[in-house]
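Working notes for the structure below.
The values are calculated or read from the model by the stated rules, or taken from the named source; none is laboratory data. Owing to the predicted nature of the structure, the values given are computational and were not obtained by experimental measurement. Backbone-built Cβ (ideal geometry, glycine too); neighbour counts: all protein chains shown.
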Amino acid sequence: MRWIIVSNRLPFRKNEAGELTRSSGGLVTALSGVQTDAEQLWVGIAPEGIDEAAWQGMPLDYQKSYQPVFVDENTYDAYYNGIANDVFWPLFHYEGSMIKFSLDNWLAYQRVNYEIAKVVSDHATHDDVIWIHDFHLFLLPQMLKEMGVSCRIGFFLHIPFPSSELFRQLPVRHELLQGVMGADLIGFHDYSYARHFANTLNNVMNIHADLRGFWWQQRRVEIGVYPVSIDSAHFQQEATSAETLTYAQQWKTAQPGRRWVLGVDRLDYTKGLVLKLQIFADLLESHPQYRGQVSLLQLAIPTRQDVDEYQKLRSEVERMVGEINGKYSTPGYTPVQYMYTSVPLHELLALYRQSAALLVTSRRDGMNLVALEYVVAQDDEDPGVVVLSEFTGAASMLSEALLINPWDIHGSADTLAEALGLSLGERQERKRIMQSFLSHYNASDWAESFMRDLLTAGQENEAGASQPLFSKTAPQALQEVLSSLKSQVYLFLDYDGTLVPIQERPEQAVLPASTRDLMARLLAKEN
Ligand code: GDG
């Protein structure tokens, strides 16, 4: 059985020197951590700078493992920036007022999903299983079904699914839901996201769905919760590599005696960097003993630099960094050290290891892998503490993190102070519990549990078990039940909505003569 993984972009790019390197970001980290013996084919848009001619010259192992889809730049821009990033990203992260919807962009979104669907459908055989990732590809499952793809199709959402009250705002809400409902299994990081999705189906599509799934077009669609994880062993190993330890030592020597609170985020509004700076400033104000002792090291990874909102966010963050430093700096002490860049993995791990606390203040975050990586990278002798926004999926996973509501600036600053004051024994115990969990539940377990459920999803369809009667006409369905009877049987029939259509007022729910007649005929039958 082969896995066909489908995501927006293929997970590599050409760097400035023309070498192929793995791209960064949560989805790539999660999928790269999966160890499996299954053969895999990854389908996605070709990386920037690789056109069809260049693809022919790619190393053979790439050609075997990856299948690029080529889309012209303008269409890609309208699909990726116009819809995925300017509509779905803000809406699903509860930033409803930031949505910029245009019909032209929506057409491009449909077109790109269709182009990808064609390529997947050309490659998929009945024995494969297709695993589609994230909000760029909501329409793909149903398109594949309509193209006659017969293998199992799973869909996993890496970002939150919002409350139905917010989701209802989306101009293309029905199209989106119908698109994803083509899957056999739809997975989320957290129960709350699955619950919002089921409620949305109830409220927007008028379909009865619960946390386990729903029936749609005579098919059973399963819903499941699969919190993503990381390749814990790999991160742990790299965290103690000579390269990481050397860099950590250099950092320590350059700033002796300093304690660090660490932040690692893409410079995206969902990550709550403004809140984080306010929280840190509050710490220095309300817990003055930390002035001169504790600094915030914020690594802000550049993202969507050409977009106005992101440029404004960057200016605001940098203005605040300047303000805090202007207010609290002393000779030899800079309260906020800010780096607008990404760094090599071993440097990132060294920063994880040499900081006293990680501060995550996301306004909303599907999971937040940084928090998970931080835990497994810690030094047993002197582990740091995770201070984590309760609006992350990771908050359900990291039982020993100190949770904060990042909008409560003062309360969060107090929690950060508490984290900095924890005894060594308490820090070690917290780390031990979370690390033990992460070593038993890693990225491969995440993928395996999703795949296991995907392979059994929809078996009810095939076995014909518990088909709802309303998928056929009631007399036809009853006829089938009756003809298979061998001994006496009792039929329990619901009334409102079953024997009688749901009515506005109860007194209108009167049994129609034809149904009354049908029941009389049923009762007259033997058994
Ligand atoms: C999306 C969802 C969900 C970051 N800076 C550097 C670097 N990174 C790596 C981290 C981590 C990844 O990027 C970031 O992952 P997150 O999960 O924190 O965030 P998103 O990119 O927004 O991911 C998120 C995720 O998908 C998975 O489902 O958790 O909620 O938004 O792995 O280590 N890596 C290196 N240098 C850096 O400077 N090497």
The range 205-240: number of residues that are of a type in the set (Lys, Arg) and either part of a helix (DSSP H, G or I) or within 16 Å of the ligand (Cβ to nearest atom) (or both): 0
Complete set of residues in the range 180-197 that are within 16 Å of Phe138 (Cα to Cα) and not in a strand (DSSP E or B): Val180, Met181, Gly182, Ala183, Asp184, Tyr193, Ala194, Phe197
Matching residues, the range 74-89, being closer than 14 Å to Glu48 by Cβ and within 20 Å of the chain's Cα centre (by Cα): Tyr80, Asn81
Any chance Val69 is surrounded by 13 or more Cβ atoms within 10 Å (Cβ to Cβ) and either acidic (Asp, Glu) or touching an Asp or Glu at 6+ places or on another chain (Cβ under 9 Å) (or both): yes
The range 8-44, residues that are basic (Lys, Arg) and surrounded by 14 or more Cβ atoms within 10 Å (Cβ to Cβ): Arg9, Arg13, Lys14
Sole exception among (1) part of a loop (DSSP other than H, G, I, E, B); (2) surrounded by 15 or more Cβ atoms within 10 Å (Cβ to Cβ) for Asp306, by number: (2)
The range 109-148, subset under 21 Å from the mean Cα position of the chain (by Cα) and aromatic (Phe, Trp, Tyr), residue farthest from Ile5 (Cα to Cα): Tyr109
Count of residues meeting criterion [within 16 Å of the ligand (Cβ to nearest atom) and either in a helix (DSSP H, G or I) or surrounded by 19 or more Cβ atoms within 10 Å (Cβ to Cβ) (or both)] in the range 241-259: 5
Condition met for Ala78 (in a helix (DSSP H, G or I), exposed (fewer than 15 other Cβ atoms within 10 Å of the Cβ) and among the small types (Gly, Ala, Ser)): no
Pairs where the first residue, in the range 151-164, is more than 15 Å from the ligand (Cβ to nearest atom) and the second is in a loop (DSSP other than H, G, I, E, B), C-beta under 6 Å, 6+ apart: Cys151/Ala124; Cys151/His126; Cys151/Asp128; Arg152/Asp184; Ile153/Ala183; Ile153/Asp184
Contacts under 6 angstrom Cβ, first residue in the range 27-40 being more than 23 Å from Ala124 (Cβ to Cβ), partner modelled with pLDDT of 85 or more and buried (at least 20 other Cβ atoms within 10 Å of the Cβ), 6 or more apart: Thr29/Leu369; Gly33/Ile230; Gly33/Asp231; Gly33/Ala443
Residue that is nearest to the chain's Cα centre (by Cα) [pool: residues in the range 473-513 that are in contact (Cβ under 8 Å) with a residue 40 or more places away in the chain and not in a loop (DSSP other than H, G, I, E, B)]: Ala474
Any hit, the range 313-325, residues being crowded, with 18+ Cβ neighbours inside 10 Å and of a type in the set (S, T, N, Q): no
Filter result (over 21 Å from Arg152 (Cα atoms) and in contact with a Lys or Arg (Cβ under 6 Å, 6 or more places away or on another chain)) within the range 180-219: Val204
Hey, Thr303 hydroxyl-bearing (Ser, Thr, Tyr), within 16 Å of the ligand (Cβ to nearest atom) and more than 22 Å from Ala419 (Cβ to Cβ) or not: yes
Ser423 polar (S, T, N, Q), farther than 30 Å from Gly154 by Cα and without any contact (Cβ under 8 Å) to a residue 60 or more places away in the chain: yes
Residue within the range 325-337 that is within 14 Å of the ligand (Cβ to nearest atom), of a type outside the set (Asp, Glu) and modelled with pLDDT of 95 or more present: no
Residue list for the range 25-73, restricted to those being among the hydroxyl-bearing types (Ser, Thr, Tyr) and either modelled with pLDDT under 90 or under 19 Å from the mean Cα position of the chain (by Cα) (or both): Thr29, Ser32, Thr36
Residue selected from the range 12-34 under the condition in contact with a Lys or Arg (Cβ under 9 Å, 6 or more places away or on another chain) and more than 12 Å from the ligand (Cβ to nearest atom), by the criterion nearest to Asp445 (Cα to Cα): Phe12
Residue among Ser389, Ser412 that alone is buried (at least 24 other Cβ atoms within 10 Å of the Cβ), within 12 Å of the ligand (Cβ to nearest atom) and either among the aromatic types (Phe, Trp, Tyr) or under 20 Å from Leu277 (Cβ atoms) (or both): Ser389
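So that you can scan it fast, the table gives a plain yes or no per residue for (1) touching a Gly at 6+ places or on another chain (Cβ under 9 Å); (2) part of a helix (DSSP H, G or I):
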site	(1), (2)
Val6	yes, no
Leu31	no, yes
Val43	no, no
Glu48	no, no
Asp61	no, yes
Lys64	no, yes
Pro68	yes, no
Residue satisfying all of: in the range 339-382; aliphatic (A, V, I, L, M), within 21 Å of Glu238 (Cα to Cα) and free of Cβ contacts under 8 Å to residues at least 60 places away in the same chain; nearest to the ligand (Cβ to nearest atom) among these: Val343
Leu144 being in a helix (DSSP H, G or I), of a type outside the set (D, E, K, R), without any contact (Cβ under 8 Å) to a residue 60 or more places away in the chain and surrounded by fewer than 21 Cβ atoms within 10 Å (Cβ to Cβ): no
Per-region count, the range 260-273, residues more than 14 Å from the ligand (Cβ to nearest atom) and in a helix (DSSP H, G or I): 0
Flag if Gln298 is in a strand (DSSP E or B), in contact (Cβ under 8 Å) with a residue 40 or more places away in the chain and farther than 25 Å from Pro160 by Cβ: no
